[in-house]
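Below: one structure, written as structure tokens.
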Amino acid sequence: LVAPYSFMNTGYLVGEIMSSEVVSASPETKIIEAAKIMADKKIGSVVVVIFSKVAGIITEQDLTRKVLAKGIDAKEKTIEEIMSKNIQTIEPEKDIYEAVSLMGNNEIKHLPVVSDGKLVGIITAKDIIKIEPGLIDLLNFKSSENSRRLKDEKDSNKDEDFAKEEGLMFDEEMENGA
């Protein structure tokens, strides 16, 4: 688990980096329409709202795991049938470290931003990483295991390159990649 946000203050507020042009849809929207919206707008999620209040969210991952993998008819079914419910949200005046804590602890990449109970924006893992790359390690996504492994390998290769530059490895170690 990530430490409580009160231990760290990045100086960036959610409201400063969130996207206020959040794409939303009603629960009755057909799955195919939500997928087309995501493709057209090049976004990874659509927030499901009822009277400006967050009711759920549908993500690319939901489309893959809950629709395609199960052979569900996206033209007939609605997003209400596959959307994630009981959604975590955050207020715009919170520090992004709290957003990272919520996202990491709940393994989510899209976090709706609400003010007075109404949807005002969305913040994503990509938004946070652009502003504060050092927080990436706190985002514990199962689907990101390969990304972390590649990052670790890249860091390991940097260590090897440094050792080679400093003459800390023997020639045969360099040839063998050790």
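Counted by Cβ distance under 12 Å from K53, the other residues give a net charge of 0, where Lys and Arg count +1 and Asp and Glu count -1.
For Y12, the residues whose modelled amide H falls within less than 5 Å of its own, excluding neighbours fewer than 5 places apart on the same chain, are I96.
Pop out the carbon and sulfur fraction of the accessible area of segment 1-106 as a percent, whole number, probe 1.4 Å. Provide the component values of the computation, followed by the final result.
On the way: 3080 of 6180 Å².
The computed percentage sits at 50.
Label point 7 Å out from K118 along Cα-to-Cβ: which residues of segment 42-65 have amide N under 19 Å? Under 19 Å, as judged by backbone N against the label point of K118, lie 47-56 of segment 42-65.
If each residue of separation counts as 0.36 nm, what is the full-extension length gain between S52 and Y12 once their alpha-carbon separation is subtracted?
Working: separation 40, 0.36 × 40 = 14.40 nm, distance 2.56 nm.
Result for the pair: 11.8 nm of gain on full extension.
Beyond 22 Å in Cα-Cα separation lie the following of the pairs K75/K118; K42/K126; K42/K75; K42/K109; K66/K94: K75/K118; K66/K94.
Give me the net charge for the shell around K70: Cβ to Cβ below 14 angstrom, other residues only, Lys and Arg +1, Asp and Glu -1. Don't skip to the end; give the middle numbers.
Numbers: positive: R65, K66, K77; negative: D62, D73, E76, E81.
Cβ neighbours under 14 Å give a net charge of -1.
Consider a paramagnetic label point 7 Å from the Cα of E60 along Cα→Cβ; state which residues of segment 28-51 have an amide N under 19 Å from it. Hits in segment 28-51 for E60 at 19 Å: 31-48.
The values are calculated or read from the model by the stated rules, or taken from the named source; none is laboratory data. Here the structure is a predicted model, which means the values were calculated and not measured. Neighbour counts run over all protein chains shown; Cβ positions are idealised from the backbone, glycine included. Please note that ligands, DNA and RNA were not included when accessible areas were found on the heavy atoms of the full protein model with its side chains. Shrake-Rupley method; radii C 1.70, N 1.55, O 1.52, S 1.80 Å.
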